[in-house]
Amino acid sequence: MYDFDQAIDRVPFNSIKWSFPELCYPEATAGDGILPLWVADMDFAVPPSVEEAVLRRAGHPVYGYAGKPGAFYGAFSGWMARRQGVAVDKVSLHFSPGIVTGLGLSVRAFTQPGDGVVIQPPVYHPFRMMIERNGRRVLENPLVNENGRWRMDLEGLEELCMSEKPAALILCSPHNPVARVWTKDELEGVIGVCARHRVLLVSDEIHSDIVYRPGSHIAALRYADALEGRLVAFFAPSKTFNIAGLQTSYAVIPDPELGSLFDAEASRLGLENPNVFGAAAAVAAYEGGEAWLEELLAYLAGNADFLCRELASRFPSLSMRMPEGTFLAWVDARGLGLKGDLHEIIARKAGVWFDDGSKFGKGGEGWLRLNFGCPRANLELALDRLEKALPSILAR
């Protein structure tokens, strides 16, 4: 029903991904024809229900302040019940313009200056930014790479909690960039450590709808009682339905006192109200986008399989495991033996823009993050360019 092979020109429409090549390297221009496979939004048209809702709202000529419509709560709670098997009540749902904003609010609301906050690198780099920019200490519990499959170091986390007494841990679930979907045992392991040491768990679950069979996402909300309410779980329709620019996400906070602290911090920073189009788009996505998502997941799985096969057959120096979730491939490029800014070297030589793994912290050096949420023709073009340029890249 949906054409995910459709090529859509995003350059004239203020796209960070397509309209600002100078973000790759300073002198890059649109004329260089760099193919961007980096920032994590997809190049697919949104579900028809979302487009219709936005156009319908745009048809009203007043774009004033927006509130939080009752339909928003019903649409999200229904989605969570159907897709993830968890109940979410209206009182526990709190608005945030974006999950990075929500992480910053959480750090400010639930920890004190100088407190330690744990991250598990290599991990989405704004985790570190939100901790450091708000005067807290970053505590690292690095993931362990076992033949390309990454796992949590739960023993190391236990020792870190005993020695450093962190106030919070930010969990990436599913994980960006290593594309892991944590198993029940893994999730219960980290929940157990947090419960024993009374550490607040802040769980970023923005990619929770992008999971490939036979895996399934387990919401941290299932363990709210075990954590005695010390839980903040973030969700958004942005990755699932490709509406990140509409700045609509939410925190589910089971404990009312923590919820009040979160709202108070949002109020102090003037962040209480949603985007006028965001709420309408979110309701339309959750109520009318499920069939679109099922087809999207099949297409993305095909893209991931294509990448795995092509990299294995054409690039002996590169390797990747099949992603368990997200639309992000985590490519091991250490075999290239290159030093310096890996993404810039490849962009200059091959005209393909990946994210440099070092951006994601310890353990990411020599890796590349590749966004495969795009028409398959873009992936084919990227691999053809890379294969053609590889001799000159290696000669460097």
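Among what's in segment 185-213 and is in a loop (DSSP other than H, G, I, E, B) and of a type in the set (Ser, Thr, Tyr), pick the residue that is farthest from Ile170 (Cα to Cα).
Within segment 185-213, the match that is farthest from Ile170 (Cα to Cα) is Tyr212.
With Leu103, Leu93 as the choices, which residue is in contact with a strand residue (DSSP E or B) (Cβ under 8 Å, 6 or more places away or on another chain), surrounded by fewer than 20 Cβ atoms within 10 Å (Cβ to Cβ), assigned by TED's automatic domain parsing to the domain that holds Thr240 and over 17 Å from Ala285 (Cα atoms)? Break it down into steps so the answer makes sense when it comes.
Details: Leu103 fails: surrounded by fewer than 20 Cβ atoms within 10 Å (Cβ to Cβ).
Just one listed residue meets the conditions, Leu93.
Select from segment 5-26 the residues that are closer than 16 Å to Asp356 by Cβ and in a loop (DSSP other than H, G, I, E, B) and list them in ascending order.
Answer for segment 5-26, where residues must be closer than 16 Å to Asp356 by Cβ and in a loop (DSSP other than H, G, I, E, B): Cys24, Tyr25, Pro26.
Is it fair to say Ile191 is assigned by TED's automatic domain parsing to the domain that holds Val91, of a type in the set (A, V, I, L, M, F, W, C) and touching a Lys or Arg at 6+ places or on another chain (Cβ under 8 Å)?
Judged against the criteria, Ile191 is not a match.
Looking at segment 53-73, which of its residues are surrounded by 15 or more Cβ atoms within 10 Å (Cβ to Cβ) and either modelled with pLDDT of 95 or more or polar (S, T, N, Q) (or both)?
Hits for segment 53-73 are Ala53, Val54, Arg57.
Between Leu379, Leu368, which is at pLDDT 95 or above, assigned by TED's automatic domain parsing to the domain that holds Ala30 and over 30 Å from Ile131 (Cβ atoms)?
When all the criteria are applied, what remains is Leu379.
Between a residue in segment 164-181 that is in contact (Cβ under 8 Å) with a residue 24 or more places away in the chain and acidic (Asp, Glu) and any residue that is outside any loop (DSSP other than H, G, I, E, B) and surrounded by fewer than 24 Cβ atoms within 10 Å (Cβ to Cβ), which pairs come within a Cβ distance under 9 Å, given they are 6 or more apart or on different chains?
Pairs that qualify, where the first residue is in contact (Cβ under 8 Å) with a residue 24 or more places away in the chain and acidic (Asp, Glu) and the partner is outside any loop (DSSP other than H, G, I, E, B) and surrounded by fewer than 24 Cβ atoms within 10 Å (Cβ to Cβ), are Glu164/Gly116; Glu164/Arg137; Glu164/Leu139.
In segment 243-257, what residues are surrounded by fewer than 20 Cβ atoms within 10 Å (Cβ to Cβ) and in contact with a strand residue (DSSP E or B) (Cβ under 8 Å, 6 or more places away or on another chain)?
Across segment 243-257, the qualifying residue is only Asp255.
So that you can scan it fast, the table gives a plain yes or no per residue for (1) under 23 Å from Phe354 (Cα atoms); (2) buried (at least 24 other Cβ atoms within 10 Å of the Cβ); (3) modelled with pLDDT of 95 or more:
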site	(1), (2), (3)
Asn147	yes, no, no
Trp150	yes, no, yes
Cys161	no, no, yes
Glu164	no, no, yes
Asn176	yes, yes, yes
Val181	yes, no, yes
Arg196	no, no, yes
Ser203	no, yes, yes
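With (1) buried (at least 17 other Cβ atoms within 10 Å of the Cβ); (2) on the phi < 0 side of the Ramachandran plot as the list, and Gly366 as the residue in question, which single condition is left unmet?
Going through the list (1) buried (at least 17 other Cβ atoms within 10 Å of the Cβ); (2) on the phi < 0 side of the Ramachandran plot, Gly366 breaks only (2).
Could you list, in sequence order, all residues of segment 227-241 that are among the aliphatic types (A, V, I, L, M), within 24 Å of Gln112 (Cα to Cα) and in a loop (DSSP other than H, G, I, E, B)? Show your work before the answer.
As a first pass, look at segment 227-241 and keep what is among the aliphatic types (A, V, I, L, M): 227, 231-233, 236.
Imposing the further condition that a residue be within 24 Å of Gln112 (Cα to Cα) reduces the set to 227, 231-233.
If the condition is that a residue be among the aliphatic types (A, V, I, L, M), within 24 Å of Gln112 (Cα to Cα) and in a loop (DSSP other than H, G, I, E, B), then Leu227 is the only one that fits.
Please go through segment 258-282 and give me each residue that is in contact (Cβ under 8 Å) with a residue 24 or more places away in the chain and surrounded by fewer than 20 Cβ atoms within 10 Å (Cβ to Cβ), ordered by number.
Within segment 258-282, Leu261, Asp263, Ala264, Glu265, Leu269, Leu271, Glu272, Asn273, Asn275, Val276 qualify.
Output the helices (runs of 4 or more DSSP H) that fall wholly within segment 242-358 and possess 3 or more residues being among the acidic types (Asp, Glu), or say none. Outline the logic, then answer.
Details: elements: 256-268, 278-288, 290-314, 342-350.
So the answer is 256-268, 290-314.
Using beta carbons and a limit of 6 Å, which pairs, at least six apart or on different chains, have the first residue in segment 210-237 and among the β-branched types (Val, Ile, Thr) and the second one modelled with pLDDT of 95 or more and in a helix (DSSP H, G or I)?
Listed by first residue and then by second, the contacts come to Ile218/Lys184; Ile218/Leu187; Val232/Ser106.
For residues in segment 76-109 being of a type in the set (Lys, Arg) and touching a Ser or Thr at 6+ places or on another chain (Cβ under 9 Å), which is modelled with the highest pLDDT?
Per the stated criteria, the residue is Arg83.
The values are calculated or read from the model by the stated rules, or taken from the named source; none is laboratory data. Treat the numbers as computed from the prediction; the structure is a model and nothing was measured. Note that each Cβ is placed from the backbone with ideal geometry, even for glycine, and that neighbours are counted across all protein chains shown.
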